[in-house]
Protein chains: 2
Amino acid sequence: MDSWVDGQPADALSLKDRGLAYGDGLFETIAVRDGRPSLLDRHLARLAQGSSRLSINSDPDLIRSEVLAYAAALGSGVLKLVLTRGDGLRGYAPDPSAPARRILLGNPPAAYPAVHGERGVRLFPCVTRLSHQPLLAGLKHLNRLEQVIARSEWQDTEHAEGLMLDQADRVIEGVFSNLFLVREGVLVTADLKRCGVAGVMRAELLYQADALGIPTQITDITLEQLQSADEVFLCNSVYGVWPVHAYAALSWPVGPLTRKLQTIARALLDA
Amino acid sequence: MDSWVDGQPADALSLKDRGLAYGDGLFETIAVRDGRPSLLDRHLARLAQGSSRLSINSDPDLIRSEVLAYAAALGSGVLKLVLTRGDGLRGYAPDPSAPARRILLGNPPAAYPAVHGERGVRLFPCVTRLSHQPLLAGLKHLNRLEQVIARSEWQDTEHAEGLMLDQADRVIEGVFSNLFLVREGVLVTADLKRCGVAGVMRAELLYQADALGIPTQITDITLEQLQSADEVFLCNSVYGVWPVHAYAALSWPVGPLTRKLQTIARALLDA
């Protein structure tokens, strides 16, 4: 369907937009089923947090109403919401009073092979390392060249995702997913204070695990800890949960907690 | 004057452009005087190097001819050239065969106060630290949130620029300038292998100094070395050279090598 810019159908963007000039903005990728956006509160909360940290003026109520209207028109698919700092003059200095620009794009439902969820995926060992920038860590901002470079490291279809480490070789995330381990009954995911994107499905699964009485831990993860994990899986807010069965010479079985959380994620996305 | 997209007058960009989606592209800011772009060979060489490092397909001859035609029409001002990876589908994976998109924007001549060049500037001590990413270091790419955040640290007009350190407190550059020191007759500038933008005027001044028999050094710079420098100055390809007279509690006189290189830069920009 048509894209919207600031609530109006549009297929083009001002050349002065700071999203283009500097990647000065944020985005959310939202699964939509039968006109309803999944995990909307979490997406909007993350966007609000990012807007606050980057001092981008946004109108949460307006964004929510536009996303709901756009999703209703889209039906089923993937809605991408881009929020930029709007048009800029020359130079990096932001105009503190400039209103944010809202861009909504609609895509068909994601067409990942069902086998990714059923049997699990093999992770490509990305050489690209995530840099440390606490001021941007966790945000889903528009500066994504590291992901572009990492994703260009493999072209085969054997690898459905790539594993990204940081510059101290900590295990952080996939290129477009968050990563979880299960170790002795504890659900573990990386601390994202230095780098990484704090995914909406990651937050939801931590919440769900807590509600189920499953202990969770957000911490630094070493490659040795990854190697000795009982279960490994990926998540994002479009595909839900993919078990990880292999990474380089390592392999893991698809475990019971992975399946349990996969079922929960599927139900949330199908709701 | 009108902007151009892929050689045609246009005021808008496809919403699918990867420059917007991921900051997946490069840019050059070129001073134009009487229809002639300054330091064009250096700008185009840096763009070609960036395109090569990011595997963006670009056509150097086409870019050169468009820049020359646009500059001739602009007259005097500042030409901004943005090169993106073009439209993308969903996801980070680049299409290796996609042609780059060329965007040309024209602005009036920069209106910096003459006093910046005459008496020098005071540097704001930015708290924002540059992250280390060797895969992107040196490139003038579109992922510039660190500069946006750093530039938003001050609003007063007392500070014409800000000094950016890296996360190990090395002295790297200004927010929109490169930095030079003069120490015991040697012209020193930061090694940009971990972070920073390798400016076109920086390259030109290193070349000019070499031609004049002035020793040059590209190395890591500590705050102590900055403090004990005989001269400090900034440069970029729009304003040329600005002496630095103060930074926090530090101050420096405007020295003879600064003036000599400022005259050279001015002549290049006025040519």
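So in the range B:27-54, with the set limited to residues that are part of a strand (DSSP E or B) and more than 10 Å from chain A (Cβ to nearest Cβ), which one is nearest to the chain's Cα centre (by Cα)? If you could, list the steps in order and put the result at the bottom.
So in the range B:27-54, the residues part of a strand (DSSP E or B) come out as B:27-33, B:36-37.
Within this subset, residues satisfying the condition of being more than 10 Å from chain A (Cβ to nearest Cβ) are B:28, B:30-33, B:36-37.
On the way: B:28: 8, B:30: 9, B:31: 11, B:32: 15, B:33: 18, B:36: 19, B:37: 15 Å.
Among them, the one singled out is B:28.
Would you pick out the residues in the range B:178-214 that are of a type in the set (Lys, Arg) and not in a loop (DSSP other than H, G, I, E, B)? Reasoning before the result, please.
To start, the set of residues in the range B:178-214 that are of a type in the set (Lys, Arg) comprises B:183, B:193-194, B:202.
Answer for the range B:178-214, where residues must be of a type in the set (Lys, Arg) and not in a loop (DSSP other than H, G, I, E, B): B:183, B:202.
Which of the residues belonging to the range B:98-128 are of a type in the set (D, E, K, R) and free of Cβ contacts under 8 Å to residues at least 40 places away in the same chain?
The one that is of a type in the set (D, E, K, R) and free of Cβ contacts under 8 Å to residues at least 40 places away in the same chain: B:118.
Need the failing condition index for residue A:74 against (1) at the interface with chain B (Cβ under 8 Å from one of its Cβ atoms); (2) at pLDDT 95 or above; (3) touching a strand residue (DSSP E or B) at 6+ places or on another chain (Cβ under 6 Å), just the number.
(1)
Among the residues of the range A:131-144, is there at least one that is in a strand (DSSP E or B), touching a Cys at 6+ places or on another chain (Cβ under 6 Å) and not assigned by TED's automatic domain parsing to the domain that holds residue A:17?
no
Is the range B:105-116 home to any residue that is farther than 30 Å from residue B:171 by Cα and more than 13 Å from chain A (Cβ to nearest Cβ)? Outline the logic, then answer.
Kept after step one, since they are farther than 30 Å from residue B:171 by Cα, are these residues of the range B:105-116: B:105-108.
Narrowing the set further to residues that are more than 13 Å from chain A (Cβ to nearest Cβ) leaves none.
No, there is no match, as no residue in the range B:105-116 is farther than 30 Å from residue B:171 by Cα and more than 13 Å from chain A (Cβ to nearest Cβ).
Here are B:160, B:246: which of them is part of a strand (DSSP E or B), surrounded by fewer than 18 Cβ atoms within 10 Å (Cβ to Cβ) and touching a residue at least 40 places away in the same chain (Cβ under 8 Å)?
Exactly one residue qualifies, and that residue is B:246.
Using beta carbons and a limit of 6 Å, which pairs, at least six apart or on different chains, have the first residue in the range A:1-30 and over 13 Å from residue A:143 (Cα atoms) and the second one hydroxyl-bearing (Ser, Thr, Tyr) and assigned to a strand (DSSP E or B)?
Pairs found: A:17/A:84.
Of all residues in the range A:131-168, which are more than 11 Å from chain B (Cβ to nearest Cβ) and in contact with a Lys or Arg (Cβ under 8 Å, 6 or more places away or on another chain)?
A:138, A:140, A:158, A:159, A:160, A:164, A:165
Is it the case that the range B:171-192 has a residue that's surrounded by fewer than 21 Cβ atoms within 10 Å (Cβ to Cβ) and basic (Lys, Arg)?
Scanning the range B:171-192, I find at least one residue that is surrounded by fewer than 21 Cβ atoms within 10 Å (Cβ to Cβ) and basic (Lys, Arg), so the answer is yes.
Looking only at the range B:193-243, filter to residues that are closer than 27 Å to residue B:30 by Cα and of a type in the set (Asp, Glu); which one of those is surrounded by the fewest Cβ atoms within 10 Å (Cβ to Cβ)?
B:210
Which condition breaks for residue B:103 when tested against (1) more than 30 Å from residue B:16 (Cα to Cα); (2) β-branched (Val, Ile, Thr); (3) assigned by TED's automatic domain parsing to the domain that holds residue B:61?
With respect to (1) more than 30 Å from residue B:16 (Cα to Cα); (2) β-branched (Val, Ile, Thr); (3) assigned by TED's automatic domain parsing to the domain that holds residue B:61, residue B:103 is out only on (1).
The values are calculated or read from the model by the stated rules, or taken from the named source; none is laboratory data. Model, not experiment: these values are computed from the prediction. Neighbour counts run over all protein chains shown; Cβ positions are idealised from the backbone, glycine included.
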